[in-house]
Amino acid sequence: MGLFLVLIVFLPIAYYLIYVHTANSGLTFSNSLRIPELLTFKDKGGQKVFELKAQYGYSEFLKVGKTETMGYNGNFLGPTIRVDKGDEVVINVANQLDEMTTVHWHGMHVPPDMDGTPHQMIPAGGTWQARFPILNEASTMWYHPHPHGKTAQQVYRGLAGLFIIDDENSKSLELPSQYGIDDIPLVIQERLFDKDGSQRYELNRGAYYGDTILVNGTHNPHVTVPARNVRFRLLNGSNARAYHFGFNDDRPFYQIATDGGLLESPHLTKRLRLSPGERAEIVVNLSDGKETLLKSFPEDEVILLAEAVFADGIGNGHFEILKIIPEPTNAEPTDLPHTLNKIERWRPEDAVQTRRMVLGGPIREGRPPPGPGPRIPINGKLMDMGRVDEVVRLGDIEIWEIVNRGGQAHPFHIHDVQFLILDRDGTPTDPSESGWKDTVLVETNETVRFITQFNTYANPDIPYMYHCHILEHEDGGMMGQFLVIDPEAE
Ligand code: C2O
Ligand code: CU
Ligand code: CU
């Protein structure tokens, strides 16, 4: 009898809450998805020279009124920078804001003085030139500001853009690759708006969680694509929320890339988790011609049922994101290649040491930085621009062990390198994270180990950063600095 009641009363409610109700129910998907333009460059003696301008603008996201925003070369977000591995790149940045900013090349292997951290501040009205060779393999990277204590607010106002790298391998593969046609960039962010359409910055549960999704700065979006295999490059550009992407018809799709490169082979799945800062590329077969809806599902569809509605945590946002409308096409359907990439894995026994990073717990060192977020330490310390936390030797292979002692999940991000996850609580990593990564979500009471090598760039004075990519946590001091030094150069 009891079970029967549960079945007839609870199951329909559960079904409604999990599959029907969303935090942003009632979307009509009437706006056509904006595709960030590809930034053009000048060829100067074999270098690709790009110009970026951080500026103010106005955007009308909801059809009710304008709101002040920031963008690169425009009103909101920035153009997509697209380069080839091996290119020599120069990026001239002009700061037309009346506050300081920096531009960081998230995921990219660049020298520490070109990394765009708080150590390369661009004053209001100032300029900065970044120059570096493209050493990373084909991948979807991104760029965003990184000023100490102000990253969250500048990103929320609109400063972010994609940085796509191609290489010989990626060009030789038969993957959908026509930008904006069958290779669609998706910068997914969530916001709060007031009734008059203005963006509102407000902390809830210690970070910026919104109830309104923007994709490439488009609210309520749809995109029309050819009815065949289509690639989407997903960036979780939100300040704090993790998403569990999937489709409303539960169609399976292939994940083909992680943060820093293509997977070894396509990974068939129905859900994909991305925490702030993480990227993935997926290929969806739309040859049935049926419309589908990209969604974010609650993390644990049963246990977090109530939370999904009443108190959504980092992973529990239940949102409709993008309507995908396939159009008939004459193009031959193509199969995905079985092999996408070759990943040379380091052996854990070749690591010279294991570095432990404990997230959360009591604060022993460091003054609270200027940011708005909660004060959450790494190894008991809050970020101090004048303190170097770790010193790494150039060329060393290391294991980093990230231990989460805090009461919530944190996406841990490290500059300079791409890493390979070894395990989560001793369990070998899932195929969805088996490729190159620069950001990894570490759940409460979880320990994640990754292995990496610190190559190419050493500088005894200018550090790189590691931090939580919940931007309010980063701004609140959940960040540390490491130097890479070359013992031979001493
Ligand atoms: Cu995307 Cu140090 O950040
Ligand atoms: Cu970064
Ligand atoms: Cu955090």
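The values are calculated or read from the model by the stated rules, or taken from the named source; none is laboratory data. Please read all numbers here as calculations on a predicted model, not as lab measurements. Every residue, glycine among them, receives a Cβ derived from its backbone with ideal geometry; neighbour counts consider all protein chains shown.
Screening segment 157-175 for residues that are more than 14 Å from ligand 1 (Cβ to nearest atom) and either farther than 23 Å from GLU264 by Cα or of a type in the set (Lys, Arg) (or both) and picking the one that is surrounded by the most Cβ atoms within 10 Å (Cβ to Cβ) gives GLY158.
Quick one: in segment 33-62, which of the residues that are loosely packed, with under 13 Cβ neighbours inside 10 Å and outside any loop (DSSP other than H, G, I, E, B) is nearest to the chain's Cα centre (by Cα)? Only one residue fits best here, namely TYR58.
Which one of the conditions (1) modelled with pLDDT under 95; (2) over 13 Å from LEU322 (Cβ atoms); (3) buried (at least 22 other Cβ atoms within 10 Å of the Cβ) does TYR243 fail to meet, given that it meets all the rest? Unmet for TYR243, out of (1) modelled with pLDDT under 95; (2) over 13 Å from LEU322 (Cβ atoms); (3) buried (at least 22 other Cβ atoms within 10 Å of the Cβ): (2).
The residues in segment 176-224 that are within 16 Å of ligand 1 (Cβ to nearest atom) and of a type in the set (S, T, N, Q) can be counted, and the count is 1. Of the strands (runs of 3 or more DSSP E) lying entirely inside segment 437-476, those containing at least 3 residues that are within 16 Å of ligand 3 (Cβ to nearest atom) are 439-442, 464-468. In segment 50-106, of all residues being among the basic types (Lys, Arg) and more than 19 Å from LEU39 (Cβ to Cβ), the one that is modelled with the highest pLDDT corresponds to LYS66.
Of all the listed residues (GLY71, GLY65, GLY86), the sole one being away from ligand 3 (no atom under 16 Å from the Cβ), in contact (Cβ under 8 Å) with a residue 40 or more places away in the chain, in a strand (DSSP E or B) and not charged (D, E, K, R) is GLY71. Against the definition (over 30 Å from LEU263 (Cα atoms), of a type in the set (Gly, Ala, Ser), surrounded by fewer than 21 Cβ atoms within 10 Å (Cβ to Cβ) and within 16 Å of ligand 3 (Cβ to nearest atom)), how does GLY206 come out, yes or no? So GLY206 fits the description; yes.
No other residue among ALA489, ALA458 is over 24 Å from ASN239 (Cα atoms), among the small types (Gly, Ala, Ser) and at pLDDT below 95 apart from ALA489. With the structure loaded, tell me whether THR151 is under 26 Å from PHE29 (Cβ atoms) and in contact (Cβ under 8 Å) with a residue 12 or more places away in the chain or whether it fails that test. Spelling it out, it is not the case that THR151 is under 26 Å from PHE29 (Cβ atoms) and in contact (Cβ under 8 Å) with a residue 12 or more places away in the chain.
Candidates GLY260, GLY180: the one that is within 16 Å of the chain's Cα centre (by Cα) and either modelled with pLDDT of 95 or more or away from ligand 2 (no atom under 16 Å from the Cβ) (or both) is GLY260. Return only the number of the condition from (1) farther than 21 Å from THR69 by Cβ; (2) of a type outside the set (Gly, Ala, Ser); (3) within 14 Å of ligand 1 (Cβ to nearest atom) that ASP87 does not satisfy. Tallying (1) farther than 21 Å from THR69 by Cβ; (2) of a type outside the set (Gly, Ala, Ser); (3) within 14 Å of ligand 1 (Cβ to nearest atom), ASP87 fails exactly one: (3). For segment 124-142, the criterion of a residue being within 12 Å of ligand 2 (Cβ to nearest atom) and among the acidic types (Asp, Glu) is satisfied by no position.
Of GLY361, GLY380, GLY366, GLY373, all but one fail to be at pLDDT 95 or above and small (Gly, Ala, Ser); the exception is GLY380.
In segment 151-168, the qualifying residues are those that are within 16 Å of ligand 2 (Cβ to nearest atom) and in a loop (DSSP other than H, G, I, E, B), and the one that is farthest from TRP436 (Cα to Cα) is LEU159. May I ask you to verify whether ALA308 is modelled with pLDDT of 95 or more and either among the β-branched types (Val, Ile, Thr) or surrounded by 17 or more Cβ atoms within 10 Å (Cβ to Cβ) (or both)? Criteria not met by ALA308.
MET141 satisfies every condition listed in (1) under 21 Å from the mean Cα position of the chain (by Cα); (2) part of a strand (DSSP E or B); (3) more than 12 Å from ligand 1 (Cβ to nearest atom); (4) not aromatic (Phe, Trp, Tyr) except (3).
Name every residue in segment 356-374 that is crowded, with 16+ Cβ neighbours inside 10 Å and away from ligand 2 (no atom under 16 Å from the Cβ), in order of residue number. Selection gives VAL358, LEU359, GLY360, GLY366, PRO369, GLY371, PRO372, GLY373, PRO374. Within segment 193-216, residues that are among the basic types (Lys, Arg) reach partners that are surrounded by fewer than 18 Cβ atoms within 10 Å (Cβ to Cβ) and in a strand (DSSP E or B) with beta carbons closer than 9 Å, at six or more positions or on different chains, in the pairs ARG200/LEU192.
Table: residues versus (1) within 21 Å of GLY477 (Cα to Cα); (2) in contact with a Leu (Cβ under 6 Å, 6 or more places away or on another chain); (3) at pLDDT below 95; (4) not aliphatic (A, V, I, L, M).
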position	(1), (2), (3), (4)
MET114	no, no, no, no
GLY126	no, no, no, yes
SER139	no, no, no, yes
PRO147	yes, no, no, yes
TYR156	yes, no, no, yes
ARG200	no, yes, yes, yes
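Select from segment 390-436 the residues that are more than 16 Å from ligand 2 (Cβ to nearest atom), part of a loop (DSSP other than H, G, I, E, B) and closer than 22 Å to LEU274 by Cβ and list them in ascending order. The answer is GLY406, GLY407, GLN408, ALA409, ASP425, THR429, ASP430, SER434, GLY435. Within segment 404-422, residues that are over 12 Å from MET357 (Cα atoms) and more than 16 Å from ligand 1 (Cβ to nearest atom) sit with their Cβ atoms under 9 Å from residues that are assigned to a loop (DSSP other than H, G, I, E, B) and of a type in the set (Lys, Arg), at 6+ positions apart or across chains, in these pairs: GLN408/ARG205; LEU420/ARG345.
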